[in-house]
1. Please tell me the relative contact order of segment 43-178 in percent, rounded to the nearest whole number, where contacts are Cα pairs under 8 Å and at least six residues apart.
2. Figure the gain on full extension for Leu153 and Glu22 (residue separation times 0.36 nm, minus the Cα-Cα span) and round it to one decimal in nm.
3. So how strong a dipole does segment 46-186 carry about its Cα centre when Lys and Arg Cβ are +1 and Asp and Glu Cβ are -1, to the nearest 20 debye?
4. Can you give me the angle between helix 165-178 and the longest principal axis of the chain, using Cα atoms only, in degrees from 0 to 90, rounded to the nearest 10?
5. Have a look at Leu111, Asn91, Gly31 and report the one farthest towards the positive end of the charge dipole of the chain, computed about the Cα centre with Cβ charges (Lys/Arg +1, Asp/Glu -1).
6. So for segment 48-119, averaging the separation of alpha carbon pairs under 8 Å that are six or more residues apart and normalising by length, what relative contact order in percent results?
7. log₁₀ I(q)/I(0) of segment 116-175 at q = 0.14, 0.16, 0.23 Å⁻¹, via Debye over equal Cα point scatterers, no solvent, to two decimals?
8. Of all the Cα-Cα pairs you can form in the chain, what percent are over 20 Å apart?
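Read-outs throughout are calculated quantities, based only on the coordinates presented, and are distinct from any laboratory measurement. Remember, it's a predicted structure, so these values are computed and weren't measured experimentally. Here the Cβ positions follow ideal geometry from the backbone for every residue, glycine too, while neighbour counts run over all protein chains shown.
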Amino acid sequence: MHKRPTILATRSVSSSHFLRAEQVDLEFSNGERRTFERLQSSGLGAVIIVPMQDADTVLLVREYAVGVDRYELGLPKGRLDRDETAEQGANRELKEEIGFGARELHILGTLSVSPAYMTAMTNVVIARELHEERLAGDEPEPLEVVPWKLSGLHALLEHPEVSDSRSIAALFMAREFLAGRYRPQP
């Protein structure tokens, strides 16, 4: 278990290289007008990857999450680079974060963290036929890889380090896909 980093300072920012706030003036079909605020993504999209080591074992990562100031157990994820498909970005992130590439990648769908006020969307990608391959990443410390059985997904929900909604949703999507109960729309 890693010791949490020490927060040296915090400050408000009016804009970020990740998101910017904007106001949206709307008129609804009943004539009502409202102004909403939303966070506009400045990125090219993102991926969250369900790396399957075998038919029942997913590889999770434990990494520091500054938003909740603790280590979180979840799926590998990251932003897409320019001119990169979701599958290419997923494979790159796998190599950077867990030291594996995948020979088989499928997009299971997209997720929004909060569609009421954020525009960012994350592609859910299942990765199979893993092989060892590492790329240098941008993480400040090595990530711990934690194998977990999908058949024990219910126990993961009780884990004190698990709160990332995208990881939880993506794991359920993958479990249902692998069981043949869910087929992604093309």
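1. 32
2. The span from Leu153 to Glu22 would gain 43.4 nm if fully extended.
3. In debye, rounded to 20, segment 46-186 gives about 540.
4. Result, in degrees: 50.
5. Comparing the listed Cα positions along the dipole, Gly31 ranks first.
6. On the way: 71 pairs, mean separation 15.8, N = 72.
After rounding, I find 22 percent.
7. The calculated log intensity ratios at q = 0.14, 0.16, 0.23 Å⁻¹ are -0.60, -0.78, -1.28.
8. On the way: 10206 of 17205 pairs.
More than 20 Å apart: 59 percent of the Cα pairs in the chain.
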